[in-house]
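Right, one structure below, let's go through it.
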Amino acid sequence: MNVPPLEIITTKHKHALRSFWQSLLIGLPLPLLLLMVWEIAVRKNWLPPTLIASPSDVALDFITLLSNGALIHHIVVSLGRLAFGLSIGVTAGLFLGSVLALSRLLDGIVSPTIQILTPVPVIAWTPLLIIFLGIDGARIALIAVGAFFIVLFGTFQGIRSTSFSLIEMARMYQKSDFDLVRHVLLPGAMPQIFDALRLTLGMGWVLLLIGEIIASSSGLGWLIWDSRNFSRPDDMIVGMVTVGILGKCSDMALARLQAYCLRWRPSFTGQ
């Protein structure tokens, strides 16, 4: 096994560290400026302190909610609901999208129904989901439905957009249908599948918060909504900031996985 020289590994680490500090220096001034203006606006009563808390008050409240375990409880509840809903919707979307893309007969039978249901906003499913699954089940199902349609179309379009010359080459080498799917169709569809997954993750956070507003007693969505109703602006903003941090971290993790799985496919990153 060939082991890369230590000099190459060190150079890569230095380049990654330098890129990190460069991106930090470029991206940090704007949020710091916004925080400064926000703090001054609240302290000068340009913004009503009963409706919006200052960044310093939010930071103190963030530490308080962390130390007493309340924020951790809401985070765990929300992440559990999000993971459960996404796992159902993504699995179903990947499976059905692959089946429809591979079979023209099933595509002709199922796709017209899917195309009728797709324009219906996900929120419009809420009353039916509550009737059939109850409030607790509806929160999970709402996320699953949103994830299902996005991943289904991403998978379908990814497989159907695979270059036909690659398929002909695989057939020329007498590859089996399983090898064709595994080594040609799925790798070719992977970029669009990952794009759909990242879009699904963002949509999942939105649907999670909407679902937790519906007769809930825990979760980050409930924390934001309850704080707004009872004039606790510091708690409300802590919930919003927490959702932003978790959403960014989850997207970064998925982006890293995407970059690793698609390392064979160099792409333009700007200049």
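Select from the range 8-28 the residues that are closer than 19 Å to VAL241 by Cβ and assigned to a helix (DSSP H, G or I) and write down the one among them that is modelled with the lowest pLDDT. Out of the qualifying residues, it is LEU24. Could you list, in sequence order, the residues of the range 221-271 that are within 20 Å of LEU199 (Cα to Cα), among the polar types (S, T, N, Q) and either in a helix (DSSP H, G or I) or at pLDDT 95 or above (or both)? Listed by number, the residues that qualify are THR242, SER250, GLN258. Meeting the requirement of 3 or more residues that are surrounded by 13 or more Cβ atoms within 10 Å (Cβ to Cβ) and in contact (Cβ under 8 Å) with a residue 24 or more places away in the chain, the helices (runs of 4 or more DSSP H) wholly within the range 29-134 are 55-67, 70-102.
Per the conditions (1) within 29 Å of ILE123 (Cα to Cα); (2) surrounded by fewer than 15 Cβ atoms within 10 Å (Cβ to Cβ); (3) among the aliphatic types (A, V, I, L, M), the sole criterion not satisfied by MET172 is (1). Filtering the range 168-201 to residues that are in contact with a helix residue (DSSP H, G or I) (Cβ under 6 Å, 6 or more places away or on another chain), farther than 28 Å from GLY211 by Cα and among the β-branched types (Val, Ile, Thr) leaves only VAL184.
The values are calculated or read from the model by the stated rules, or taken from the named source; none is laboratory data. On a predicted model such as this, the values are computed, not experimentally measured, just so you know. Glycine also receives a Cβ, built like all others from the backbone with ideal geometry; neighbour counts cover every protein chain displayed.
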